[in-house]
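The values are calculated or read from the model by the stated rules, or taken from the named source; none is laboratory data. None of the values given here were measured: they were computed from a predicted structure. A quick note on method: Cβ atoms are made from the backbone with ideal geometry, for glycine too, and the neighbour counts reach across all protein chains shown. Quick note on the areas: whole protein, heavy atoms, side chains included, nothing else; ligands and nucleic acids left out. Shrake-Rupley method; radii C 1.70, N 1.55, O 1.52, S 1.80 Å.
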Amino acid sequence: MDEARKIRASYIVLATFHSRLGYARPWPSKIPGSCSTRRDILGELIHAADAKGIKVILYMTDDPQWHGEQGIETLDSAAYSAYKGHDVDLTTRQGFGEFSYDNFFEVMADYPKLAGFWIDNDNEYWEQHRLYEQIRELRPDMTLSNNNEDTPIMDMVSHEQKTGMTPPYDQPSAIWTPLPRLTESCYKVPDTGSWWYDGQDRPVSTALNVDRYIANAGNSIRSLMDFTAMVNGRFPP
């Protein structure tokens, strides 16, 4: 939280329930299906954030396709099927949609100060079961942000890593603006590498990033800049 305050962040997104990070849940979940912690890291984070006047938003993915990317199966369909009382294949979009759907409701019930969800694309199971409408009914205090989808019920929409424009900083030209929702231009500050920290201090084009920031601001677009945070929330030099 102290690191977040250094960059004057008003909220942070905790992104571990991610398709390429093992679908890890940093809270002691009662729902089997992917790894979760015994220590309540999410709860501790929300408590620390509240003391500093910062909100915590939870990242949620809809995507099961990377479940075995590192040669280790990260989704446990048998355990989840036994928990639900019917067969569910978590490696399918429908099955993973059911699993992730349950996790939305678990954290909404257990964390009254969780400020919302940053949702990476939509899942058919969620839409069929009115997930977003139920979030609005149960937790009207929560903000909802969606990535790469025009989902009218959301408060914000993000547009991921738009490149190939001329000039290269002109991200607004590649972004559709779903007013009156807030629009975020979502991009990595380093020129290469993954969205998450990979152990390297990767090169950054200061000019490109400043130009992007100015172009976005001039078009009423928020810059959601990914600094690839290291362990304990610190940032590369």
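Annotations for the structure displayed:
- Working note: Cα atoms of the stretch 107-146, range along each principal axis, descending, whole Å: 27, 18, 15.
- Amide H contacts of Asn146 (H built 1.01 Å from N, under 5 Å, at least 5 apart or other chain): Ile119, Met156, Val157, Ser158
- Each residue of the stretch 77-140 gets 94 Å³ once the volume of the Cα convex hull is shared out per residue.
- Positive-end extreme of charge dipole, the chain - chosen from Ala79, Ala207, Gly193 (charges on Cβ): Ala207
- Sparsely packed trypsin sites (Lys or Arg not before Pro) within the stretch 96-149, loop by DSSP, other Cβ within 10 Å at most 14: Lys113, Arg130
- Rounded Å value of the spacing that divides the Cα centres of the stretch 13-51 and the stretch 118-158: 20 Å
- Ellipsoid equivalent to the stretch 1-97 - semi-axes via the Cα gyration tensor, in Å: 30, 14, 11
- The residues of the stretch 42-121 expose, per residue, 44 Å² of accessible area to a 1.4 Å probe.
- Residues whose amide H comes within less than 5 Å of that of Ser223, counting only those at least five positions distant or on another chain, are Ser185 (H built at 1.01 Å from N in the peptide plane).
- Average 1/r across all pairs of distinct alpha carbons in the chain, invert it, and you get the Kirkwood radius: 18.9 Å.
- Remark: the stretch 222-237, residue by residue, has Karplus-estimated 3J(HN,Hα) of 7, 8, 9, 9, 8, 8, 6, 4, 8, 4, 6, x, 6, 10, x, x Hz, where x stands for each Gly or Pro and the curve is 6.51 cos²θ - 1.76 cosθ + 1.60 at θ = phi - 60°.
- Across the accessible surface of the chain, with the other protein chains kept in place and a 1.4 Å probe, carbon and sulfur atoms take up 52 percent.
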